[in-house]
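A short worksheet on the structure shown next.
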Amino acid sequence: MTLAGSESFVPADDANAVAKHEFAGLSADEFKLAFRNHPAGVAVITADAGDGPVGLTATSVFSVSAEPPLLVFSISGQSSSAPTINRADTVVVHLLGADQLGVAKLFATSGVDRFADPESWGRLVTGEPYLPGAQVWIRGRGINRMEAGGSTVVAVHALQSSISDEASSAAPLVYHNRTWHHIGEHSRLDS
């Protein structure tokens, strides 16, 4: 077992030492290393606050509540899409399958026009940009935003979704240890 941190480890049972000791926290490299082996589903988030469509690839999407239907994601302040997504009233969260690796890579690439191919995206009747090829997409309204370090955590109330017939049997796209993977029968551990 490796203990990482800017300060030395203080046993929890030594109350005096804990009370006197302040932890500086993990370095960015140590924190990334800690999460590197923790897989995450891959999503693309799109929005338009009135000045054109934007989108980004995210691995921070997770469900919070079924009643009401809430999900959360975070966006780095360094993302060129962050200002628009933070201003937008609504967003579309696309949960990607393994067959959409190209889409994930496109929306993860800086400095490219992610919406250059007019055949790959469209607009919902409510105006949001969306990717019709996604197996699952969820349109939602941002109900809360919280600044957290250099990122913004966004809570979204799900309003509408589209789930393809293939979604329940398709292999999801997963990001793990700085590379792309898919989950399927080959990765199943028990029945």
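Details
- Residue pairs whose Cβ atoms lie under 7 Å apart, separated by 6 or more positions or on different chains, with the first residue in the range 171-191 and closer than 24 Å to Leu106 by Cα and of a type in the set (Val, Ile, Thr) and the second modelled with pLDDT of 85 or more and part of a strand (DSSP E or B), are Val174/Ala40; Val174/Gly41; Val174/His181; Val174/His182; Ile183/Pro172; Ile183/Val174.
- Segments classed as strands (runs of 3 or more DSSP E), wholly inside the range 41-157, with at least 2 members that are of a type outside the set (A, V, I, L, M) and closer than 21 Å to Pro172 by Cα: 54-58, 62-66, 69-76, 136-148
- Candidate set: the range 170-191, residues that are surrounded by 10 or more Cβ atoms within 10 Å (Cβ to Cβ) and of a type in the set (Ser, Thr, Tyr); chosen: the one nearest to Gly133 (Cα to Cα): Tyr175
- Contact map, the range 66-83: residues that are modelled with pLDDT under 95 paired with residues that are in a strand (DSSP E or B) and of a type in the set (Asp, Glu), Cβ distance under 9 Å, separation 6+ or inter-chain. Pairs shown: Gly77/Glu147.
- So Gly25, is it assigned to a loop (DSSP other than H, G, I, E, B), closer than 22 Å to Ser151 by Cα, modelled with pLDDT of 85 or more and in contact with a Phe, Trp or Tyr (Cβ under 9 Å, 6 or more places away or on another chain): yes
- Annotation: Arg139 fulfils all but one of (1) buried (at least 17 other Cβ atoms within 10 Å of the Cβ); (2) over 16 Å from the mean Cα position of the chain (by Cα); (3) among the basic types (Lys, Arg); the unmet one is (2).
- A count restricted to the range 142-191 and to residues that are more than 29 Å from Thr90 (Cα to Cα) and among the charged types (D, E, K, R) stands at 4.
- Contacts under 8 angstrom Cβ, first residue in the range 16-44 being exposed (fewer than 13 other Cβ atoms within 10 Å of the Cβ), partner at pLDDT below 90 and acidic (Asp, Glu), 6 or more apart: His21/Glu7; Glu22/Glu7; Phe23/Glu7; Ala24/Glu7
The values are calculated or read from the model by the stated rules, or taken from the named source; none is laboratory data. Bear in mind that the values here come from a model prediction, so they are computed numbers and not experimental data. Cβ coordinates were reconstructed from backbone atoms using ideal geometry, including for glycine residues, and neighbour counts include every protein chain displayed.
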